[in-house]
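Read the structure below first, then the notes.
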Amino acid sequence: QMAADPALRQRMQAIEEFTRNAIQNGRMLANGTIEIPVVVNVLWKTQVQNVSDAQIATQIEVLNKDFSATNSDYNQTPSIFQSVASGDIPVRFVLYSVVRKKTKKSSWQLNDAMKKSQQGGIDPTNPTTMMNMWVCNLAGGYLGYAQFPGGDPATDGVVIDDNAFGTIGSAQAPFNLGRTATHEVGHWLNLRHIWGDATCGNDFVGDTPLHNTYNFGCPTYPHYSTCSGTPVEMTMNYMDYTDDACMFMFTAGQENRMMAVFAPGGPRNSFAQP
């Protein structure tokens, strides 16, 4: 996206500066709960890929439980992380509509074609006031991807592979608990990967430990980093790459970062308007 849109890097840097200032100056949106209308765009070739309304409902339910910390596995948070674990993040997701389209394409690349009707996909619905999700068969074994704040509204939203969406139907273990969407919505709300996409990288959050890199599967706790201070890695954070059953928490710092996007002047403030 940065290659296609040279100004994107500058916009994202400006959003970083805004986010930092909003958190430091307490200009967070703290009054009430923000309801995010969700449009689910389903692209299907086989009948099993045409995810049911019931399967979609399970995904919305998972998002709301994970963001409100009412998920049943939240209590597995290790004691050393309980003081920084986020509580109820005041964001709720409400299904607005489902758009379905049969396609002849067997799989979709990570090039946003599924978001464009001229390329066989589905154009987003009102992307400045609704979060669009595309459910389709992604090529290359990818589970999903998301667009960060600051990108083109015409491609804004998250994409989830049909085998990693919701908890029933086409969802397949070990990605059948709806956590791919929780992870990708985290990106949509400006969270970076917990390892900062670099060895011992920076995720711009102060209360997450330094990770060597991503973790797969279900690491045995405690899993130590070799980064400075050799901290225990927060492998159960939604912004790692662990299996659905082994991720179950955000941190308070991540919550602050997500909520900053809704602040007046923030990149997703349009979602906070009455």
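The values are calculated or read from the model by the stated rules, or taken from the named source; none is laboratory data. All values derive from a computational prediction rather than experimental measurement. With ideal geometry, Cβ positions are generated from the backbone for all residues, glycine too; neighbour counts draw on all protein chains shown. Quick note on the areas: whole protein, heavy atoms, side chains included, nothing else; ligands and nucleic acids left out. Shrake-Rupley method; radii C 1.70, N 1.55, O 1.52, S 1.80 Å.
Simple spin-label estimate for residue 197 and residue 24 gives 2.3 nm between the two label positions (7 Å along the Cα-to-Cβ direction from each Cα). Fully extending the segment from residue 107 to residue 3 would add 35.1 nm, taking 0.36 nm per residue of separation and subtracting the current Cα-Cα distance. Each Cα pair under 8 Å and six or more residues apart adds its sequence gap; the mean of these over the residue count of region 162-274 is a relative contact order of 22 percent. More than 17 Å apart: what percent of Cα pairs in region 63-133 qualify? Across region 63-133, Cα pairs with separations above 17 Å total 62 percent.
Note on region 105-198: Rg/Rh from Cα positions, Kirkwood definition for Rh, rounded to two decimals, is 0.96. Packing, taken as the mean count of other beta carbons within 10 Å per residue, orders the peptides 229-242, 200-213 from highest to lowest as 229-242, 200-213.
The 1.4 Å probe gives accessible areas that order 188, 44, largest first, as 44, 188. Counting lysine pairs in region 39-171 whose alpha carbons fall under 17 angstrom apart, excluding pairs fewer than 8 residues apart on the same chain, gives 14. Over all directions, the projected convex hull of the C-alpha atoms in region 152-256 averages 7.2 nm² in area. With a cut-off of 18 Å on the backbone N, the residues of region 235-250 near the modelled label site 7 Å out from residue 212 along Cα-Cβ are 235-237, 240-243. Based on Cα contacts under 8 Å between residues 6+ apart, region 75-230 shows a relative contact order of 13 percent. Unpaired Cys in the chain, meaning no second Cys C-beta under 4.7 Å: 136. Across every direction, the projection of the convex hull enclosing the Cα atoms of region 15-152 has a mean area of 10.9 nm². Computed from the alpha carbon atoms alone, the convex hull of region 234-274 holds 90 Å³ per residue. Assuming charge only on the beta carbon of Lys and Arg (+1) and of Asp and Glu (-1), the dipole of the chain about its Cα centre is about 720 debye to the nearest 20. Amide H contacts of residue 210: none lie under 5 Å away among residues 5 or more positions distant or on a separate chain (H built 1.01 Å from N in the peptide plane; Pro and chain starts excluded).
Length gained on full extension, residue 99 to residue 118: 5.2 nm, using 0.36 nm per residue less the C-alpha separation.
Only Cα sites of region 1-55 enter the Debye sum here, all with the same form factor; the resulting log10 I(q)/I(0) across q = 0.20, 0.22 1/Å is -0.85, -0.88, listed in q order.
Output needed for the chain: three equivalent-ellipsoid semi-axes, defined as square roots of 5 times the C-alpha gyration tensor eigenvalues, in descending order, whole Å.
28, 22, 18
Electrostatic tally near residue 157: other residues with Cβ closer than 14 Å to its Cβ, Lys and Arg +1, Asp and Glu -1, net -2.
Hey, with R₀ at 22 Å, roughly what FRET efficiency would residue 70 and residue 241 work out to, going by the Cβ-Cβ distance, to 0.05?
0.40
Across the chain, C-alpha contacts under 8 Å between residues 6 or more apart give a mean separation that, scaled by the residue count, equals a relative contact order of 22 percent.
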